[in-house]
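Here is the structure we will look at, set down as structure tokens.
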Amino acid sequence: MHKIGVFVCWCGSNIAATVDVAAVAEAMKAEPNVVYATDYQYMCSEGGQSRIRQAIKEYGLTGVVVCSCSPRMHEATFRKTAQSAGLNPYMVEIANIREHCSWIHKDKMDATAKAIVLARTAVAKLNLNQPLTAGESNVVKRALVIGGGIAGIQSALDIAEAGYEVDIVEKTPTIGGRMAQLDKTFPTLDCAACILTPKMVDAAQNEKITLYTYSEMESVSGFVGNFTAKIRKKARHINEDLCTGCGLCTEKCPSRKAKNEFNMGLNTRGAIYIPFAQAIPNIPVIDTEACIHFKTGKCGLCQMNCSAKAINFEQEDEIIERQYGAIVVATGFRPISLEKFNEFGYAENPDVVTSLEFERIMNAAGPTKGQLVRPSDGKHPHSIVFVQCVGSRDTSGCGKPYCSKICCMYTAKHAMLVREKYPDVEVHVFYIDVRTPGKNFDEFYRRAVEQYDVDYIKGMVGKVSAHGDKLRVQGSDLLADKQIIIDADMVVLAAAIEPDPAVRKIATMLTASIDTNNFLTEAHPKLRPVESPTAGVYLSGVCQGPKDIPETVAQASAAAAKVIGLLAKDKLKSNPCVAHSDEMLCNGCSTCEKVCPYGAITYVDKEFRVPGPKRTEVRRVAQVNEAVCQGCGACTVACPSGAMDLKGFSTRQIMAEVDAICR
């Protein structure tokens, strides 16, 4: 028979303001096997923990229920407290009366009644708990970084600096990501390539870092400290060991109709190409959809002109399987599609461009060699209108409800660069609000207004239409309370950013959580901002939420620090709440094996005694590898015979909780 102690936390006023904590403690004294119940202002404090330890020793408690905040916050704290007093840590149950009760109720009577039910439920489960012992698992001393932008590069460099091997998987032919497409960076106006390229070179030359460019994740299995990943290295149709990067093949290619993705489709490229001059690795790739040889079987000029004999039209995709101890997700972002924003005339007018397209136009390595000209006729514009928040902070359903965070700053940057290089160009900026919360950000914006005479107009643009060789911009000036019309030569749209579409597939592989906007969810928004709820998976960069380059680099290094802390351990404590099979009930149907996401269940033939003199039979039954099982419970739900159960969360315990709620 258990001796249970119940400890009700006030959590300051978070719980006590809505829940009568004294009434909850008093009600628990009547529950089966409860020998002690009390309340305290902060159970997680040293004073609160001391009360728990003292009660365990004084009353000989065999189990503890703490009615407090979410177990995600302090379950580990209270388990350590119980263990320090000689109690098995898995004989501690948390009743969440804050997030599940006090924070969602306004009526004190209703909240108190619900808190009593939640506490009663935890007591009912604890009465059926059994002491559990955590096992151990080895840690693979290698990390995987998914994404080769500035976030992925920084994480990889930091991990490699600590002495651990790292693999970077990047789906494009080169590392560098979106930052490689930028001209200048705010607020210092540094050349993006000048500060990014050394990082790219460092990553390529570091003996601890392996680059898998033009590659994608095929599958991920396993658990923290011991992930198994399959990487599909797509065929470049170039032998990387032989290629010298001379670029002769790209010059000789006669197919020049493919859109240049790096320049946002503003010009064309060859079927065999290197994305940009500083690309790493400096090895071309063949676009099989544009290549004449792959379409007709003819041509082959690139192969004939390659002195290194590096071109191989027969090359096929390669599957690489590696083991990793930790994974960093740094999949980046893309601008949203503007197909739903017809009022801006983006699809009809080539002189209406997105900010990233404008970035490439202004870049010396871009399609116009850095000359500011209109895409339609190549003429120099004399009036440019920038439109902020296109698709950001959108409540119509066409765009995104969140602020993209970087648009105000890069629009100010574009306006300043245009006015500095081309003083004859008038620059107008339509905005909802100017948001400049970073270091030196507001001063940067003020420079655009005061030093460069950029015309900021508080209001939104209603329509952009062709008017002769001009673009007529119709908008509102809310401060002047009037409608205005500007005949512009170019219109630049600050399109919202969104996570790269590949993140959904990655999240499924890693069993990681994503929010309604497809950003990966952190374990805790304040206390664990770079950790995924999935142990061993860390978040870096815009895959977790909109952020600028300094913030991205800081988060990348933070994720790397977490990885280093994990890889520094030789062994990890494993979760003892794992599945187990009752072999007498198992009918060998394989249902549990099919639903297990970790591959922890196998089947074996075993001999069993059956009624009758010395009779036996061989039956096929499930066996669980407890070192691999992560206690997700999928098998217990799927098992038709009820043979699979979960330690610490057995069917009997769950039904006891249901009964406690219903009585």
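Miscellaneous remarks
- With all protein chains in place and ligands, DNA and RNA left out, the 1.4 Å accessible area ranks E26, E617, E316 as E316, E26, E617, largest first.
- Dipole magnitude of the range 302-460 about its Cα centre (Cβ charges: Lys, Arg +1; Asp, Glu -1), debye to nearest 20: 440 debye
- Counted over the range 334-478, the DSSP beta bridges are approximately 40% antiparallel.
- Legend: residue pairs K29/K125; K106/K547; K57/K106; K298/K379, Cα-Cα distance threshold 28 Å; pairs beyond threshold, K106/K547; K57/K106; K298/K379.
- Which listed pairs, of K141/K199; K208/K571; K234/K369, have C-alpha distances above 26 Å, in listed order: K234/K369
- The chain: C-alpha gyration tensor shape, a/c 1.5 cut-off, then a/b vs b/c: oblate
- Charge-dipole axis of the range 73-199 as Lys and Arg at +1 and Asp and Glu at -1 on Cβ define it, positive-most pick from G163, L189, W103: W103
- For the range 101-223, size of Cβ-based charge dipole, Lys and Arg +1, Asp and Glu -1, in debye: 760 debye
- For the chain, DSSP calls about 55 percent of its internal beta bridges antiparallel.
- For the range 1-155: rounded, prolate or oblate by the Cα gyration tensor [a/c cutoff 1.5]: oblate
- Straight Cα distances below 14 angstrom link K569 to the aspartates and glutamates E136, with same-chain residues fewer than 8 positions distant left out.
- DSSP-loop trypsin sites (Lys or Arg not before Pro) across the range 421-456, with at most 11 other Cβ within 10 angstrom: K439
- Average accessible area per residue (Å²) across the range 7-153 - probe 1.4 Å, nucleic acids and ligands excluded: 42 Å²
- Taking the range 527-635 and dividing mean pair separation by its residue count, relative contact order in percent (alpha carbons under 8 Å, at least six apart): 23 percent
- Measuring with a 1.4 angstrom probe and ignoring ligands and nucleic acids, E99 comes out at about 50 Å² accessible.
- Candidates A76, T38, G60 compared by Cα position along the dipole of the range 34-85: farthest toward the positive end lies A76, with charges placed on Cβ.
- Solvent-accessible area of T636 with every protein chain in place, 1.4 Å probe, in Å² to the nearest 10: 40 Å²
- Computed on the chain, with alpha-carbon pairs under 8 angstrom and 6+ residues apart, the relative contact order is 13 percent.
- In the context of the full protein assembly, V595 retains an accessible surface of approximately 60 Å², using a probe radius of 1.4 Å and ignoring ligands and nucleic acids.
- Within the same chain, lysines fewer than 8 places from K458 are excluded, and of the rest, those with a Cα less than 17 Å from its Cα are K482.
- With a 1.4 Å probe rolled over the protein heavy atoms of all chains, the accessible area of V434, V387 falls in the order V434, V387, largest first.
- Counting protein heavy atoms only, the chain has 51 percent of its accessible area on carbon and sulfur, 1.4 angstrom probe.
- Restricting attention to the range 112-260, close to 55% of DSSP beta bridges with both partner residues there are antiparallel.
- The chain, dipole about Cα centre (Lys/Arg Cβ +1, Asp/Glu Cβ -1), debye to the nearest 20: 1200 debye
- The mean sequence distance of close C-alpha pairs (under 8 Å, at least 6 residues apart), as a share of the length of the range 369-470, puts its relative contact order at 26 percent.
- Span from the the range 447-486 Cα centroid across to the the range 174-222 one, whole angstrom: 37 Å
- C-alpha center-to-center spacing [the range 518-595, the range 320-347] in angstrom: 21 Å
The values are calculated or read from the model by the stated rules, or taken from the named source; none is laboratory data. These numbers come from a predicted model, not from an experiment. Methodologically, a virtual Cβ is constructed for each residue, glycine included, from the backbone with ideal geometry; neighbour enumeration extends over all protein chains shown. Just the protein is used for accessible areas: all its heavy atoms, side chains included, with ligands, DNA and RNA removed. Shrake-Rupley method; radii C 1.70, N 1.55, O 1.52, S 1.80 Å.
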